[in-house]
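All remarks here apply to the structure that follows.
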Amino acid sequence: MSHASTTFKDAVVHRRTIYQLNKKAPVDDKQIEEVFRLAIKEVPSSFNSQSARIVVLLKDDHDAFWDIVKDILKAHVPEEQWEHTGARIQGFRNGYGTALFYEDPAPIKALQSKLPAYADKFPQWSEHTSAMHQYMLWTALEAEGFGCNLQHYNPLPDQKAAAKWDIPLEWSLKAQLVFGGEEEGARAGLQERSEQPIAERLFFHGGK
Ligand SMILES: Cc1cc2nc3c(=O)[nH]c(=O)nc-3n(C[C@H](O)[C@H](O)[C@H](O)COP(=O)(O)O)c2cc1C
């Protein structure tokens, strides 16, 4: 998908979960960094907390992350399930990069002290803040020509990742977005996304 002519609607429709990835990035690393800088700068957060922290791992660092996950899982998953699990992790490792989405609890705690009436809501809004960043980047990276999928292996790799990439242990890992070149035919056979009737999920009032 060429980003020069991509409308927001095109990008929203184009975004899918793509598992068959490779190490051929459709744009250079500078352009990848630009997309992430745009997200950190422009994606909104609750009460403008700016609590999202994103660690981007490319190439060898991406591989190292999935090796950490694989080694931990290998120790936990029953032998007879390993073939399936190991192949799944290898599929992520086949990609070009992974974005780790964290939330920093410090700005959340500061808001809870400043606005005690909403104290119990801020943790939930912190999750929403992270999700906003995840969706924007998933959509933006696919508009750049990557395929992506979203994973949740936290908390398994949290400590080892923190040690390897100097990530504060108090940051809370929420999700991992895997991205890479799309293998030929990676979008063939994708399931229809909107199976549940829209009329049961969208309620529109007051329009003409
Ligand atoms: C909040 C959220 C969490 C998800 N978690 C995972 C996950 O842990 N592993 C995975 O393979 N896909 C995950 N997905 C992908 C969904 O299964 C997928 O987006 C959905 O089936 C619609 O397909 P599409 O992404 O191709 O539109 C997640 C998606 C969302 C929005």
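The values are calculated or read from the model by the stated rules, or taken from the named source; none is laboratory data. The structure presented is a predicted model; accordingly, all values stated were derived computationally and were not measured. Cβ atoms come from the backbone with ideal geometry, glycine included; neighbour counts cover every protein chain shown. Heads up: the accessible areas ignore ligands, DNA and RNA and are worked out on the full protein's heavy atoms, side chains in. Shrake-Rupley method; radii C 1.70, N 1.55, O 1.52, S 1.80 Å.
What the table shows:
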| quantity | calculated |
| --- | --- |
| Every residue from the stretch 142-161 that is assigned to a helix (DSSP H, G or I), away from the ligand (no atom under 13 Å from the Cβ) and surrounded by 20 or more Cβ atoms within 10 Å (Cβ to Cβ) | A143, A161 |
| Pair list, Cβ < 9 Å and 6+ apart or interchain, from the stretch 20-48 residues that are charged (D, E, K, R) to residues that are modelled with pLDDT of 95 or more and open to solvent by 70 Å² or more (accessible area, probe 1.4 Å) | K23/K59; D29/K59 |
| Residue in the stretch 162-181 that is open to solvent by 50 Å² or more (accessible area, probe 1.4 Å), touching a residue at least 40 places away in the same chain (Cβ under 8 Å) and within 13 Å of the ligand (Cβ to nearest atom) present | no |
| Candidate set: the stretch 79-130, residues that are open to solvent by less than 50 Å² (accessible area, probe 1.4 Å) and free of Cβ contacts under 8 Å to residues at least 24 places away in the same chain; chosen: the one nearest to A175 (Cα to Cα) | I89 |
| Test: residue in the stretch 84-104 that is farther than 25 Å from F36 by Cα, modelled with pLDDT of 95 or more and of a type in the set (G, A, S) | yes |
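Condition check ((1) open to solvent by less than 100 Å² (accessible area, probe 1.4 Å); (2) within 16 Å of the chain's Cα centre (by Cα)) across all residues:
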site	(1), (2)
F8	no, no
V13	yes, no
Y19	no, yes
I32	yes, yes
K41	no, no
S46	yes, no
V56	yes, yes
I68	yes, no
